[in-house]
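Encoded as C-alpha cells, the structure appears first; notes follow it.
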Amino acid sequence: MKILFVCKYNRFRSRTADVYFKKINKNNKITSSSAGIFQGSYPLDKTQVRVGKELGLNIEGKPRAISTDLLRNIDLIVIVANDVPESLFNPRYQKIIKWNISDVKEGKDYEADRKVMKRIFKKVDELNKRLEKLK
C-alpha cells in the first residue's frame, strides 16, 4: 500500500504527517510520501522546523508538488488540510481521507505550530492503528 499525504504547499502539514508516519510505521508493505497541490518554493518556517526537531522529527527538505506520475501508484490519499478540496482527486483510483487541519499563519507562533503538529500526530496514530488491523 502506498499513501500520499497532501496539503497546499507541502511545507508543513503533509510533510509532518509523512515524516511522523515513517517514524511509527512498522509494516514494510506500507510506504508513504507527501506533496502539495501547488509547488512551494519558499523556505520552511524556521519555527516549524524547530518544533519538529523538538518533537523528534526532521521536516526539512524541498517541497514538491503532486504530479500525474506520483498519483499513478498511490492507494490512499490523506488530505492533511482544510484548504484542499477532495474534488481534486478521483475516488475511482484512490481512497481519500480528509483531515480538516488548518494551516498556521506564519509569524513564529511556537505554540500554534506545536498544537498543529500534535494534532497531526494524533491523526497519524489513528490511521496507523487502522492500517495495522489490515495486516
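Values quoted throughout were computed directly from the atomic coordinates according to the rules given, and no laboratory measurement underlies them. Just so it is clear, the structure is predicted and the values come from calculations on it, not from any experiment. Here Cβ is always computed from backbone atoms with ideal geometry, including for glycine, and neighbour counts include all displayed protein chains.
Can you name every residue in region 87-117 that is without any contact (Cβ under 8 Å) to a residue 12 or more places away in the chain and surrounded by fewer than 16 Cβ atoms within 10 Å (Cβ to Cβ)?
Initially, region 87-117 is screened for residues without any contact (Cβ under 8 Å) to a residue 12 or more places away in the chain, giving 87, 90-92, 105, 107, 111-112, 115.
Across region 87-117, the qualifying residues are 87, 90, 91, 92, 105, 107, 111, 115.
I need a count of the residues in region 96-124 that are of a type outside the set (Lys, Arg) and in a loop (DSSP other than H, G, I, E, B). So that I can check it myself, show each step before the final result.
At the first step, the residues of region 96-124 found to be of a type outside the set (Lys, Arg) are 96-97, 99-104, 106-107, 109-113, 116-117, 120-121, 124.
From what is left, the residues that are in a loop (DSSP other than H, G, I, E, B) are 100-104, 106-107, 109.
Number satisfying all stated conditions: 8.
Restricting the search to region 6-24, which residues are over 15 Å from residue 38 (Cβ atoms) and in contact (Cβ under 8 Å) with a residue 12 or more places away in the chain?
The first filter runs over region 6-24 and keeps only residues over 15 Å from residue 38 (Cβ atoms), leaving 16-24.
Once the filter is applied, which keeps residues that are over 15 Å from residue 38 (Cβ atoms) and in contact (Cβ under 8 Å) with a residue 12 or more places away in the chain, region 6-24 yields 16, 17, 18, 19, 20, 21, 23, 24.
Only residues that are closer than 14 Å to residue 120 by Cα and either touching a strand residue (DSSP E or B) at 6+ places or on another chain (Cβ under 8 Å) or among the hydroxyl-bearing types (Ser, Thr, Tyr) (or both): list them for region 20-37, please.
Of everything in region 20-37, those that are closer than 14 Å to residue 120 by Cα and either touching a strand residue (DSSP E or B) at 6+ places or on another chain (Cβ under 8 Å) or among the hydroxyl-bearing types (Ser, Thr, Tyr) (or both) turn out to be 20, 21, 22, 34.
Identify, from the list 131, 127, the residue that is part of a helix (DSSP H, G or I), under 15 Å from residue 6 (Cα atoms) and of a type in the set (A, V, I, L, M, F, W, C).
Criteria check complete, one pass: 127.
Among the candidates 48, 39, single out the residue that is without any contact (Cβ under 8 Å) to a residue 60 or more places away in the chain and either more than 16 Å from residue 15 (Cα to Cα) or surrounded by 13 or more Cβ atoms within 10 Å (Cβ to Cβ) (or both).
On the way: 48 fails: without any contact (Cβ under 8 Å) to a residue 60 or more places away in the chain.
Sole residue among the options that is without any contact (Cβ under 8 Å) to a residue 60 or more places away in the chain and either more than 16 Å from residue 15 (Cα to Cα) or surrounded by 13 or more Cβ atoms within 10 Å (Cβ to Cβ) (or both): 39.
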